[in-house]
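Trainee: So that we are looking at the same thing, I have put the structure below in structure tokens.
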């Protein structure tokens, strides 16, 4: 059994009366690429900050690489790469100076890797950070995050604000890094297409509660869209267990079902559906159905 | 520690220049009021009275210059401390700093050292001006010893104290209406203590003959007591901040 590198047990955080994260239990094994999904304000960044020991939990505990989040030692921090939201960099420096600054603190800093990453992104180390475009900043931030050769990489919405071309390039860099054995990546994102491309496990957090934590394939197998055609004029009440969303178009309903299996199709036939057809939906569609309120019937 | 100090200086260089210009301008105003003209601008702003007080302990010494120095030091110290913390927050670079693999206490120490260095850089011309002023014949009523400069060091040291308090206050992840301001409150007695002690020890020798009845002695003792009372608060604030990586 592979080693658990990220663990959260009952992690809870209140901001005043508001519960930002509620009893979150999570374990991520070494070598996993974990996509942490959720809508804005669902508690992704709060969870990440608690895991990194930058925010105290109200209850529960988190651990990275076996070390309690509240007491992460400098040695453990050096093994964890962290890219925070918005790719913040020290704007008063040049790219090379920024790298020199960080190199002082990371014993495993790989200068040749960093130089090759800059060359790949066509960035001159003499350029000032303040003059970089948003995409270039993201690339520099990623290169700086990966140069210390971290065992665990935590990316907080890494593709935020990037155009599709830069995003794709950015993701390819991440994919390249994944290929190195033993690396674990935990990243939060809104862009489900990206998650689908790189993640092998996902967690969905909604209003601070982790509602799903499973393999990507398992999620897609369990949450399915089904199209049902009923007789003209017939629109039965579809009160099914695990029903996430229904969209009606005349006598045709498109349902999103959690805990999907073949038996669910028979249930629908039992409700009078003449035709029942499971559909292939992307992660983005399933995520929206999974996290949007049930009242989304149209 | 040096890379962080260098980074702080680099990040705050433009603000430092602004602070430097403001300090020089106000000092120019004060100096003009003492009879000095550097830029000529103060003519419109300040009265031309010399403000010499023949009855004070510092007979002959201009209180205008001393008062201006005190105010500028406080403002600059506060601005540098707040700038260091809020610039980091505004640029969202604090998470990267907090994640650096170094002990938190070392990072805070480096930031504080950088802040004090910036404070020193900004205050240096002021200090030189004050020393030059003190050396002007007729300003100081008696021979000038090294100790004489102590009384003029007061505002600068007090400013440094205020810097520490402002830095800790800005750094605390608390709310202003809750406990964020505690270090600032604790700094008040420390500020008074530094001011009074330097004023006391900087007195001309003949004032020491009446030491027991000298009001500065009682000022010193009172502010020492207040500082000792607030010491636990300061230590608590420092300890608390050294332990957390919250931002």
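Trainee: Considering only the range B:62-106, state which residues are assigned to a loop (DSSP other than H, G, I, E, B), within 14 Å of chain A (Cβ to nearest Cβ) and modelled with pLDDT under 85.
Mentor: Going residue by residue through the range B:62-106, those that are assigned to a loop (DSSP other than H, G, I, E, B) are B:62, B:91-93, B:99-103.
From the residues that got through so far, the ones that are within 14 Å of chain A (Cβ to nearest Cβ) too are B:91-93, B:99-103.
Listed by number, the residues that qualify are B:91, B:92.
Trainee: Considering the range A:94-110 alone, what residues qualify as being at pLDDT 90 or above, over 21 Å from residue B:88 (Cβ atoms) and either crowded, with 18+ Cβ neighbours inside 10 Å or in contact with a helix residue (DSSP H, G or I) (Cβ under 8 Å, 6 or more places away or on another chain) (or both)?
Mentor: Listed by number, the list holds a single entry, A:109.
Trainee: In the range A:247-272, which residues are out of contact with any helix residue (DSSP H, G or I) (no Cβ under 9 Å at 6 or more places or on another chain) and under 20 Å from residue A:219 (Cβ atoms)?
Mentor: Within the range A:247-272, A:254, A:262, A:263, A:264, A:265 qualify.
Trainee: Among (1) within 11 Å of chain B (Cβ to nearest Cβ); (2) touching a residue at least 24 places away in the same chain (Cβ under 8 Å); (3) over 30 Å from residue A:14 (Cα atoms), which single condition is residue A:100 missing?
Mentor: Condition not satisfied by residue A:100: (2).
Trainee: Residue B:133 versus (1) at pLDDT below 70; (2) assigned to a loop (DSSP other than H, G, I, E, B): which is the lone unmet condition?
Mentor: Residue B:133 satisfies all of (1) at pLDDT below 70; (2) assigned to a loop (DSSP other than H, G, I, E, B) except (2).
Trainee: Take the conditions in contact with a helix residue (DSSP H, G or I) (Cβ under 8 Å, 6 or more places away or on another chain) and on the phi < 0 side of the Ramachandran plot and apply them to residue A:193. Does it pass?
Mentor: Yes.
Trainee: Hey, another quick one. Does residue B:9 fit the bill of being in contact with a helix residue (DSSP H, G or I) (Cβ under 8 Å, 6 or more places away or on another chain) and modelled with pLDDT under 85?
Mentor: no
Trainee: Say we look at the range A:37-73 and pick out the residues that are away from every other protein chain (no Cβ under 14 Å) and part of a loop (DSSP other than H, G, I, E, B); which of these is nearest to residue B:104 (Cα to Cα)?
Mentor: This residue is A:66.
Trainee: Hey, among A:222, A:251, which residue is surrounded by fewer than 19 Cβ atoms within 10 Å (Cβ to Cβ), more than 30 Å from residue A:86 (Cβ to Cβ) and free of Cβ contacts under 8 Å to residues at least 24 places away in the same chain?
Mentor: Of A:222, A:251, the one residue that is surrounded by fewer than 19 Cβ atoms within 10 Å (Cβ to Cβ), more than 30 Å from residue A:86 (Cβ to Cβ) and free of Cβ contacts under 8 Å to residues at least 24 places away in the same chain is A:251.
Trainee: Shifting gears a bit: Report, by residue number, each residue of the range A:78-93 that is under 19 Å from residue A:158 (Cα atoms), facing chain B (nearest Cβ under 8 Å), in contact with a strand residue (DSSP E or B) (Cβ under 9 Å, 6 or more places away or on another chain) and buried (at least 20 other Cβ atoms within 10 Å of the Cβ).
Mentor: A:80, A:82, A:84
Trainee: Out of (1) within 24 Å of residue A:156 (Cβ to Cβ); (2) modelled with pLDDT of 85 or more, the odd one out for residue B:109 is which?
Mentor: Residue B:109 satisfies all of (1) within 24 Å of residue A:156 (Cβ to Cβ); (2) modelled with pLDDT of 85 or more except (1).
Trainee: Within the range A:1-30, track down each residue that is out of contact with any helix residue (DSSP H, G or I) (no Cβ under 7 Å at 6 or more places or on another chain), closer than 20 Å to residue A:201 by Cα and buried (at least 16 other Cβ atoms within 10 Å of the Cβ).
Mentor: Residues satisfying the conditions are A:4, A:5, A:7, A:26, A:28, A:30.
Trainee: Which of the residues belonging to the range A:1-34 are farther than 16 Å from residue A:208 by Cα and part of a strand (DSSP E or B)?
Mentor: Passing the criteria: A:4, A:5, A:6, A:7, A:27, A:28, A:29, A:33, A:34.
Trainee: Which of the residues that make up the range A:31-49 are free of Cβ contacts under 8 Å to residues at least 40 places away in the same chain and surrounded by 23 or more Cβ atoms within 10 Å (Cβ to Cβ)?
Mentor: A:49
Trainee: Restricting the first residue to the range B:92-110 and requiring it to be under 13 Å from residue B:2 (Cβ atoms), which pairs with a second residue that is at pLDDT 85 or above and part of a helix (DSSP H, G or I) meet a Cβ separation below 6 Å and a spacing of at least six or different chains?
Mentor: Partner pairs satisfying both residue conditions: B:102/A:74; B:110/B:4; B:110/B:5.
The values are calculated or read from the model by the stated rules, or taken from the named source; none is laboratory data. Computed from a predicted structure; not experimentally measured. For neighbour counting, all protein chains shown are included, and Cβ atoms are generated from backbone atoms with ideal geometry for every residue, glycine included.
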